[in-house]
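Written below as structure tokens is the structure these notes are about.
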Amino acid sequence: MTMTDPIADFLTRIRNAVVASKDRCDVPSSQVKLELAKIFQEEGFIRSFKVLEEGPQRTIRLYLRYASDGEPAIRGLERISRPGRRVYRGVAELPKVLGGIGVAVVSTPKGLMTDARAREQHLGGEVMCRVW
């Protein structure tokens with residue numbers, strides 16, 4: 001079976017790991033997923049990540065973040081732009097996730113970045129996903 005949306009798979013694996021209170025989550029590696037992992041780490045949604053070179057394909061291992069009471073840092077993940085329905089927004093229409101508590105990840109001509117950084121640089125683009 002071929003995967004039509006690897007980004008949705010990436011988000012679903014993280015979502016499932018959080019629901020199961022797992023400490024870490026392994027996903028097949030790609031450049032876009034590495035960029036997403038960097039943003040998630042910078043924004044404090046995951047503790048860290050590393051690329052494993054084992055086997056035929058590289059794997060990204062994400063270390064999930066939880067509060068001291070066991071509450072996950074990631075409360076929700078949602079794919080916005082899909083292969084069947086791309087969602088593009090100009091800088092003025094970039095979404096604010098939960099009034100700025102969450103983050104929308106935008107694919108701009110200068111690479112993946114958060115909605116806040118895209119606004120700072122006056123860039124629009126494809127709205128990949130929302131995290132809160």
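Just so it is clear, none of the values below were taken in a lab; they were calculated from the coordinates. Since we're looking at a predicted model, the values are computed, not measured.
Of note:
- Cα gyration tensor shape for the range 6-64, rounded if a/c is under 1.5, else prolate or oblate: rounded
- Remark: relative contact order (the chain) = 22 percent; criterion is Cα-Cα distance under 8 angstrom and separation of 6 or more residues.
- Rounded to 10°, Cα long-axis angle of helix 31-42 versus longest principal axis of the chain: 90
- Residue among I101, I74, I39 with the largest mean-square fluctuation in a Gaussian network model of the chain, springs linking Cα atoms under 10 Å: I101
- Gain on full extension, evaluated as 0.36 nm per residue between E126 and K22 minus their Cα-Cα distance, stands at 34.4 nm.
- Cα gyration tensor, the chain - rounded (a/c under 1.5), prolate or oblate: oblate
- Separation between Cα centres of the range 53-132 and the range 1-37, rounded to whole Å: 13
- Helix 6-19 axis versus longest C-alpha principal axis of the chain: approximately 60°, rounded to the nearest ten.
- Highest-fluctuation residue, G99, G76, G55 considered, GNM on the chain with Cα pairs under 10 Å: G55
- Tensor-based shape of the range 77-131 (alpha-carbon gyration tensor, a/c under 1.5 rounded, otherwise prolate or oblate): oblate
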